[in-house]
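Beneath this line is the structure, given in C-alpha cells, with notes to follow.
The values are calculated or read from the model by the stated rules, or taken from the named source; none is laboratory data. Since this is a predicted model, take the numbers as computed values, not measurements. Cβ sites come from the backbone with ideal geometry, for glycine too, and all protein chains shown count toward neighbours. Protein only, heavy atoms only, side chains kept; ligands, DNA and RNA dropped before computing areas. Shrake-Rupley method; radii C 1.70, N 1.55, O 1.52, S 1.80 Å.
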Amino acid sequence: MNKPVVYSGIQPTGIITIGNYIGAITNWLKLSDEYDCIYGIADLHALTVRQVPAEYRQRAMSFFAQYLACGLDPRKNVLYFQSHVHEHAELSWILNCFTYIGEMQRMTQFKDKSQKHQDNINIGLLDYPVLMAADILLYQTSLVPVGADQKQHLEITRDIAIRFNNLYSPTFTVPEAYIPKQGARVFSLQDPTAKMSKSDPDPNAAVSIIEDPDSIMRKFRRAVTDSDSVVRYDPELKPGVSNLMTIMSEMGGMSIEEIEKNYSDKGYAAFKSACAEAVIERLRPVRERYASLTTDKEYLAGIAKEGAVRASAIARRTMSKVKRKVGLVELK
Ligand code: ATP
Ligand code: LTN
C-alpha cells in the first residue's frame with residue numbers, strides 16, 4: 001500500500017440505514033480513488049449485544065453484499081470481515097493494557113448501551129472502543145470516515161496511539177476522523193430529536209438502503225413533522241422538516257436553499273413525496289445490484305476471502321512491530 005489509508009466499518013446489526021449511507025458510506029465511496037481503503041464488517045463489535053447465531057451469520061453476509069451493492073469495488077477497496085483477521089483481537093488485548101477504565105466509563109456510547117442492556121453490561125461493551133482503536137491502528141490508518149456519533153471513539157483512538165508512540169517510539173499513524181459537514185447525524189423519521197438507528201425497534205423510524213420503493217414512500221409520508229406547513233430549514237424549531245431536507249439534499253443532490261425555494265409553499269405532503277422519490281431513485285442501483293449479488297454466494301465468499309488475505313498481510317506487519325516494541329519474544 002502506498003497511498004494514505006482509509007479505514008471504516010459498520011456493525012452487522014439491524015439494517016443498513018440511509019443514516020449509515022449518508023453519514024458514512026457516501027464518504028467511503030468518495031475516498032476510494034485517492035486512498036487505499038479498507039472497509040470491514042465489524043462482526044466482533046456486535047457480539048457485545050446478544051445475537052441469534054444463525055441470523056447473525058446471515059445478516060453479516062447480507063451486509064457484505066450491501067457494501068458491494070453500494071458500489072464499493074473489491075478491486076479498489078479491501079472488503080472483509082473483522083473476525084477473519086485475528087490480529088484485531090490480538091492488538092486489542094495489548095492496547096487494553098494502555099487504556100484506563102475511567103476513559104472507557106466516560107464514553108457516551110457505553111453509558112447509552114449499558115442503560116439499554118442493563119441485564120448484560122459485559123466487559124466487551126466497556127472495551128468496545130479499544131477494539132475499534134485496534135481496527136484502525138492495525139492498518140496505519142490516516143482517515144476514518146464515520147458519522148458524528150463516532151467522534152468520541154476516534155478521539156480515544158488518537159489518545160491511545162499517541163500514548164503508545166510516546167512510550168516506545170512512533171509505531172502507529174495517528175488517525176483523523178472524517179465527518180461530513182452535512183448529514184453527519186441523520187435523525188429518526190419518528191422522533192427527529194433521536195439519531196436514526198439501524199436497530200430501532202420501530203420499523204417506521206429508519207429506512208434501509210435496500211428497501212422496496214413503496215415502503216420507502218410510506219415511511220416518508222408518515223414521517224413526524226410539525227403542525228405548520230412551511231418547508232424551511234430550522235433544526236431548532238423544525239427538526240422533522242429540517243431532517244427530511246438534509247436527507248433530500250444528500251440523496252437528491254439539491255442544496256438546502258434550492259429545496260427551500262422549490263418546496264416552501266407546496267405543503268408537507270408534496271415535499272415528503274419528493275423526498276421519498278429522491279431516496280428511491282438514489283437507491284435504485286443499490287437495490288438492483290443487491291438482488292443479483294445475493295444469488296451468488298460463491299462470488300461473495302471469494303471476495304471476502306481475498307479481502308481477508310489482503311487485510312491480514314497489512315495487519316501482520318503492524319502486529320509484529322507492536323510485539324517487538326512491548327518486549328515479547330519473537331517466534332523464530
Ligand atoms: P446502532 O444505532 O444500532 O448502534 P448505528 O446506526 O449507529 O447502530 P453503526 O454500525 O454503529 O450503526 O454505525 C455505522 C456508521 O454509520 C458509523 O460511521 C456511524 O457514525 C454512522 N451512522 C450511524 N447512524 C447514523 C446517523 N443517524 N446519521 C449519520 N451517520 C450515522
Ligand atoms: N464502532 C463503529 C463501527 C466500527 C468502526 C471501526 C468505524 C468498528 N470498527 C473502525 C470506524 C473504524 C460504529 O459505527 N458504531
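Summary table below
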| read-out | value |
| --- | --- |
| Lys266, Lys261, Lys272, Lys332, reordered so the largest accessible area comes first (probe 1.4 Å) | Lys332, Lys261, Lys266, Lys272 |
| Area projected by the alpha carbon convex hull of segment 68-196, averaged over all directions, nm² | 10.1 nm² |
| Cross-link partners of Lys325 among lysines (Cα-Cα below 27 Å; sequence separation of 8 or more within a chain) | Lys3 |
| Label-reachable residues, segment 166-183, where backbone N falls under 16 Å from a point 7 Å from Glu34's Cα toward its Cβ | 176-182 |
| Mean Cα-pair separation over length for the chain, i.e. relative contact order, pairs under 8 Å, 6 or more apart, % | 22 percent |
| For Ile10, distant residues with modelled amide H under 5 Å away | Gly40, Ala42 |
| Sulfur and carbon atoms: percent of accessible area, segment 1-145 [1.4 Å] | 54 percent |
| Alpha-carbon Rg/Rh ratio, for segment 93-137, with Rh computed the Kirkwood way | 0.98 |
| Proximal lysines relative to Lys305, as straight alpha-carbon distance under 21 Å, when same-chain residues fewer than 8 apart are discounted | Lys76, Lys297 |
| Length added when fully stretched, Arg57-Lys323, from 0.36 nm per residue minus Cα-Cα | 92.6 nm |
| Scattering profile of segment 194-332 at q = 0.11, 0.19, 0.20 Å⁻¹ [log10 I(q)/I(0), Debye over alpha-carbon scatterers] | -0.60, -1.07, -1.16 |
| Principal axis box of segment 104-258, alpha-carbon based, largest edge first, Å | 60, 41, 31 |
| CD proxy at 222 nm, helix term only [per DSSP H run n ≥ 4: -39500 (n - 2.57); per residue of the chain; nearest 500] | -16000 deg cm²/dmol |
| Phe110 - accessible surface, heavy atoms, 1.4 Å probe, Å² rounded to 10 | 30 Å² |
| Translational diffusion coefficient (Stokes-Einstein; Kirkwood radius from C-alpha pairs) of segment 212-270 at 25 °C, 0.890 mPa s, in µm²/s | 209 µm²/s |
| Per-bin percent of Cα-Cα distances, the chain [20 Å] | 30, 56, 13, 0 |
